[in-house]
Amino acid sequence: MAGSAARLFRSLVVPVALLLVWEGISLAGWVTPLILPSPTAVAARWWAYLTPMEPFEATAGPWWRWALSGELPSDVFTSLMRIAVGFAIGAGLALPLGLLMGARPLVHELFNPLLQVLRPIPPIAYIPLAILWFGLGNPPAFFLISLGAFFPVLMNTIAGVRAVDAIYLRAARNLGAGEWTLFWRVMIPAAMPYILTGIRVGVGVAFIVVIVAEMIAVNTGLGYRILEAREYFWSDKVIAGMITIGLCGLGIDLGMSRLTGRLLRWHRGVEG
Amino acid sequence: MSAATEPAIRARGVRKVFASGGREVVALDGIDLDVAPGEFVCLLGPSGCGKSTLLNAIAGFSLPSSGQLTALGRPVTGPGPERAMVFQEYALFPWMTVERNVAFGLEIAGAAPERRRQVVEALLLKLGLADFRDRFPKDLSGGMRQRVAIARVLAIDSPMLLMDEPFGALDALTRRSLQDELLRIWAELEKTVVFVTHGIEESIYLADRVVVMTYRPGTVKRIVPVNLPRPRDPASPEFNALKREVTALVMEEQARHQADEASPTAD
């Protein structure tokens, strides 16, 4: 108990010290608030960003809808929705293709050269094409996010299927498994550690791409909001938005990590 | 064809050639062997004598280059659940619990859930795994893993058990208790067992007949019947007389193996 308290204390020392120095610099007036607003100003702005703009009215609907009616909850929801849709498209294409490419050398030979050429192109470089093809709004954002998620999931799935220990296939065949059973009951679960790594990396890339896409193609979401705030020189809101982005990313990664731990509790690399 | 006269396994002139670094290696040559239903046969020899190759051929993982190989009266053309294999590396599915591993063969054979539950339950009890049913293989000791592997093949009720050095990675005490357990199961369920080992004592302790194989190419050097009543006492004079005889045979082949490894042409 004392150990965990001490650990918590140690983990807070540097952030708290940084905040104090930052606040001190602001209070001393060394930097104009336009360039670097004080932490308290950022916190106040973050609170204003988070909370509803209208006063509560019982006739308008349930209280929780009002509580989430602020700008920030709506931005977070919009960005997460874009990640979810884009990721679902990208991973939904990458997963079956990766399984096929891993399991069938012919499919690998057919697709690999093209994919190796396309893979190093960052999703950001598709922005001009995305706008030409899909215009503005959600479609180019979905396109860019799905591209970002596609390759990590694909590459890891291929590697995962190829790394399946042949002894599991032998054992399953010996017990009477046909090709279909082998694929669904042996190959996919055996490749799951790799596939989940790909999904985790893919979600991370999707999160980066959504911010960029929102700065370019749409006028909602966290990425749009911090760019908009800059245009009004609301640097406190820029930083409040950045902190929100950071917290969302942390939340997603923690969620993925727990999901991975749960799904891979059989795996040697994971603590029981 | 009655089950009593038809051998469980029949090999005639089985030959297996591998390509290795541009050279051809004859792993098996001229293997003639009959295994009777319900018989316990050990394949014994030094590394490189082709004993595992022969077992893999019977299992259908790696078919002979030439010669005839039949199991239960049918030519071997591929792996099948009537020739269940227990691997040295256990080969349990690590993503499945003990219970799911044992149930796997029945599940894919489409057994009714009720029957599946009964069979799995009985096997978990028989092999002392009931308290470990929800564990994953990574949380089990080597001995427990091999029990699960045995339960997994017993679940599909294969008439034949093919065992590839199944106890090779276990410590001596665990090995002995698993040997006794295997003999108990074999006697109770009347399985045909082909058991690959390089343990001389192990082979005499277990087998009805010990097939001593030659080093490269693998041929049948001699078949030694073990006519000792079970349970066998490894300290008895009869056991030791047999052990001396078999050891002499195996060591001749081991000497050839070592000579081959020492020669510059060997890879």
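Please treat every number below as a calculation from the coordinates, not as lab data. From a predicted model like this one, the values you see are computed outputs, not experimental measurements. We place every Cβ from the backbone using ideal geometry, glycine too, and count neighbours over all the protein chains shown.
Results, tabulated for the structure shown:
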| read-out | value |
| --- | --- |
| Entries of B:LYS138/B:LYS191; B:LYS51/B:LYS243; B:LYS191/B:LYS243; B:LYS16/B:LYS138; B:LYS138/B:LYS243; B:LYS191/B:LYS221 with Cα pairs more than 27 Å apart | B:LYS138/B:LYS191; B:LYS16/B:LYS138; B:LYS138/B:LYS243 |
| Residue mean of other protein chain beta carbons inside 10 Å, A:166-172 | 6 |
| Within a Gaussian network of chain A (alpha carbon springs, distance under 10 Å), most fluctuating of A:PRO128, A:PRO55, A:PRO73 | A:PRO55 |
| Karplus-derived 3J(HN,Hα), 6.51/-1.76/1.60, for each residue of segment B:131-148, Hz, glycine and proline x | 7, 10, 4, 9, 7, 9, x, 4, 8, 10, 6, x, x, 5, 4, 5, 4, 4 |
| Area projected by the alpha carbon convex hull of the protein assembly as shown, averaged over all directions, nm² | 38.5 |
| Long-range amide H partners of B:ALA27 with built H, under 5 Å | B:LYS16, B:VAL17, B:PHE18 |
| Simple label model, 7 Å out from Cα along Cβ direction - B:GLU190 to A:VAL13, nm | 7.6 |
| Listed residues B:LEU182, A:SER79, A:LEU50: farthest to the positive end of the dipole of the protein assembly as shown (Cβ charges) | B:LEU182 |
| Cα-only Debye scattering, segment A:63-263: base-10 log of I(q)/I(0) at q = 0.14, 0.15, 0.16, 0.19 Å⁻¹ | -0.86, -0.94, -1.03, -1.27 |
| For chain B: relative contact order, % (alpha-carbon pairs under 8 angstrom, 6 or more apart) | 25 |
| Peptide B:82-92, shielding by other chains (average Cβ, 10 Å cutoff) | 3 |
| Neighbour net charge for B:LYS126 - beta-carbon separation under 12 angstrom, K R +1, D E -1 | -1 |
| Contact order normalised by residue count of segment B:134-250, Cα under 8 Å, 6+ apart, percent | 19 |
| Taking chain A and dividing mean pair separation by its residue count, relative contact order in percent (alpha carbons under 8 Å, at least six apart) | 22 |
| Protection proxy ranking of B:26-33, B:101-108, B:115-122 - average other beta-carbon atoms within 10 Å, highest first | B:101-108, B:26-33, B:115-122 |
| Highest to lowest packing among B:52-60, A:15-23, scored as the average C-beta count within 10 Å | B:52-60, A:15-23 |
| Of A:GLY29, A:GLY221, A:GLY246, the one that fluctuates the most in a GNM where chain A has Cα springs shorter than 10 Å | A:GLY29 |
| 10 Å Cβ neighbours from other chains, averaged over peptide A:174-185 | 6 |
| Highest to lowest packing among B:41-48, A:177-184, scored as the average C-beta count within 10 Å | B:41-48, A:177-184 |
| Cβ-placed point charges (K, R +1; D, E -1), dipole of chain B about Cα centre in debye, nearest 20 | 280 |
